[in-house]
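First comes the structure, then the notes that go with it.
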Amino acid sequence: GGIRNIVALRGDPSEGEQEWTATEGGFTCALDLVKYMRKEFGDDFGISVAGYPEGHPNRISELNSEEVAAMTDAEKGRCCTHDGVTYVCKDDDYKKEMDYLKEKVDAGSDFIITQMFFDAEVFKTFVNDCRTWGIECPVVPGLMCINAYPGFKKMTKFCKTRVPKSLEEKMDSMKDDSAAVKTFGVEFGAEICRSLLDSGAPILHFYTLNLEKVVYGITDELGITSGLIEKSNESDAKDMVAVGSAWARAGDSVKSSAGQ
């Protein structure tokens, strides 16, 4: 019983802070936490770590026109454009990311869960890169479901996530129809999941943000479940708000139908 599995993350900056800083005497990165757990607790815990198919947001750079024109094929495959500005994790920085990921796995991580993405090819390339780097553990795709247009735009811009042109145009065409967005969220989610499973993804990991309808719709479409979407209840969705942060963290005040 009890907690048996841990996702070892560095974490986000404290509320109101732009940069992450370690507490006095604390860990400086996820690698420190993985090493500590394996040293102190052996194999008592299953440990997973984060992987970034498009590069960690802190290593993603804004490009000028000359840099855009000079991008390598690999960079073109993981770059993104938001509000007319192109961003990418440059090859040298991507290598540093992969080297660090290899360290985390070698220190005792059992598997990798990726940052969200909306381009299946980015994930497939990342898995191949992992194998090239000698990372042989399972790589689990982390999937952010499309629930609403404003949230989709906010999170993809914040995380500098690659959005295929066809997806961007489809979302823009439905931006004023919240029901249509959820219906499309199920369709797109099922489509990308099938592509990932066909490519060998061992399992699917959904970032639900406490919203179950689209997730249930996807699992129903995939045949994993049956009729779950009909049982979903998101009547309290508008109240699921983390105050002061895009994500709820220890110390945040979270409002829901059960109170604050």
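The values are calculated or read from the model by the stated rules, or taken from the named source; none is laboratory data. Computed from a predicted structure; not experimentally measured. Quick reminder, even Gly has a Cβ in these numbers, built from the backbone with ideal geometry, and neighbours come from all protein chains shown. Surface accessibility is based on the protein's heavy atoms, side chains included, excluding ligands, DNA and RNA. Shrake-Rupley method; radii C 1.70, N 1.55, O 1.52, S 1.80 Å.
The table below gives the values:
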| quantity | calculated |
| --- | --- |
| Residue within the stretch 13-24 that is hydrophobic (A, V, I, L, M, F, W, C) and buried (at least 19 other Cβ atoms within 10 Å of the Cβ) present | no |
| Enumeration of residues in the stretch 188-212 that are open to solvent by 80 Å² or more (accessible area, probe 1.4 Å) and within 25 Å of residue 153 (Cα to Cα) | 191, 194, 209, 210 |
| Any chance residue 111 is crowded, with 16+ Cβ neighbours inside 10 Å, of a type outside the set (S, T, N, Q), closer than 26 Å to residue 83 by Cβ and at pLDDT 95 or above | no |
| Matching entry among 51, 84 (being touching a residue at least 24 places away in the same chain (Cβ under 8 Å) and within 27 Å of residue 124 (Cα to Cα)) | 51 |
| Candidate set: the stretch 156-174, residues that are within 21 Å of residue 90 (Cα to Cα) and buried (at least 16 other Cβ atoms within 10 Å of the Cβ); chosen: the one modelled with the lowest pLDDT | 159 |
| Filter result for the condition that a residue is out of contact with any helix residue (DSSP H, G or I) (no Cβ under 7 Å at 6 or more places or on another chain), at pLDDT below 95, open to solvent by 80 Å² or more (accessible area, probe 1.4 Å) and small (Gly, Ala, Ser), over 253, 235 | 235 |
| Where residue 185 falls short, out of the listed (1) within 26 Å of residue 51 (Cα to Cα); (2) open to solvent by 40 Å² or more (accessible area, probe 1.4 Å) | (2) |
| Residue in the stretch 109-120 that is over 20 Å from residue 198 (Cβ atoms), in contact (Cβ under 8 Å) with a residue 24 or more places away in the chain and of a type in the set (Gly, Ala, Ser) present | yes |
| Failed item, numbered, when residue 205 is tested on (1) within 23 Å of residue 48 (Cα to Cα); (2) touching a helix residue (DSSP H, G or I) at 6+ places or on another chain (Cβ under 8 Å); (3) at pLDDT 95 or above | (2) |
| Scope the stretch 13-60; condition under 20 Å from residue 141 (Cα atoms) and among the small types (Gly, Ala, Ser); matching residues | 30, 46, 48, 50, 51, 55 |
